[in-house]
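One structure below.
Please treat every number below as a calculation from the coordinates, not as lab data. Computed from a predicted structure; not experimentally measured. Note: ideal-geometry Cβ built from the backbone for every residue, glycine included; neighbour counts use all protein chains shown.
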Amino acid sequence: MTHNEELCVLWGLIVGLTGRRWFMKNIIARILAWFSGDLVQKIIKCLPQIVVEAEKAMADGIITADERKEFATNAVNIIANNLGVKLNAITKWIISQIINAVAKKLPSKDIKVPEAIMQLKKEIGG
């Protein structure tokens, strides 16, 4: 290996390690700033309302596909209201189409809440 090649390797190593360190610090700082930001705090504050909607869907012990779609739409509306965003008819239609597209990918069977909780307890070991 020539002297120039050794210098290239050395400079590449120094620049690469320094650049990676700066890049990772920058990413971590941005993630922390996002989570401590106002937007995420507003979303966190609306979680109790979303939980109430989920409890309404689970009231009979079975969550059907229609209840899942309605829950997702209600959750989007709750978040939009807490953020102060007005959803017009076109935006609501687009969001409902996205929810329907995602719902088609989910299993179509009804979710039996007590059985799901018991299975989750078994998997976690509780």
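Observations
- In whole angstrom, the range 1-95 maps to an equivalent ellipsoid with semi-axes of 50, 16, 14, each derived as √(5λ) from the alpha carbon gyration tensor and ordered largest first.
- Listed peptides 71-84, 8-21, 39-52 appear in the order 71-84, 39-52, 8-21 once ranked by packing, highest mean of other Cβ atoms within 10 Å at the front.
- The phi torsions of the range 17-26, fed into the Karplus equation with coefficients 6.51, -1.76 and 1.60 and a -60° offset, translate into couplings of 5, 5, x, 5, 4, 4, 4, 5, 4, 5 Hz, rounded to whole numbers, with Gly and Pro shown as x.
- For the range 28-88: relative contact order, % (alpha-carbon pairs under 8 angstrom, 6 or more apart): 38 percent
- Across the alpha-carbon atoms of the range 41-124, the computed radius of gyration and Dmax are 14.5, 44 angstrom.
- Normalised by the number of residues in the range 41-124, the mean separation of alpha-carbon contacts (under 8 Å, six or more apart) gives a relative contact order of 40 percent.
- The angle between the Cα long axis of helix 89-105 and the main principal axis of the chain comes to about 80°, on a 0 to 90 degree scale.
- Amide proton proximity set for residue 62, modelled H, under 5 Å, gap of 5+: 113
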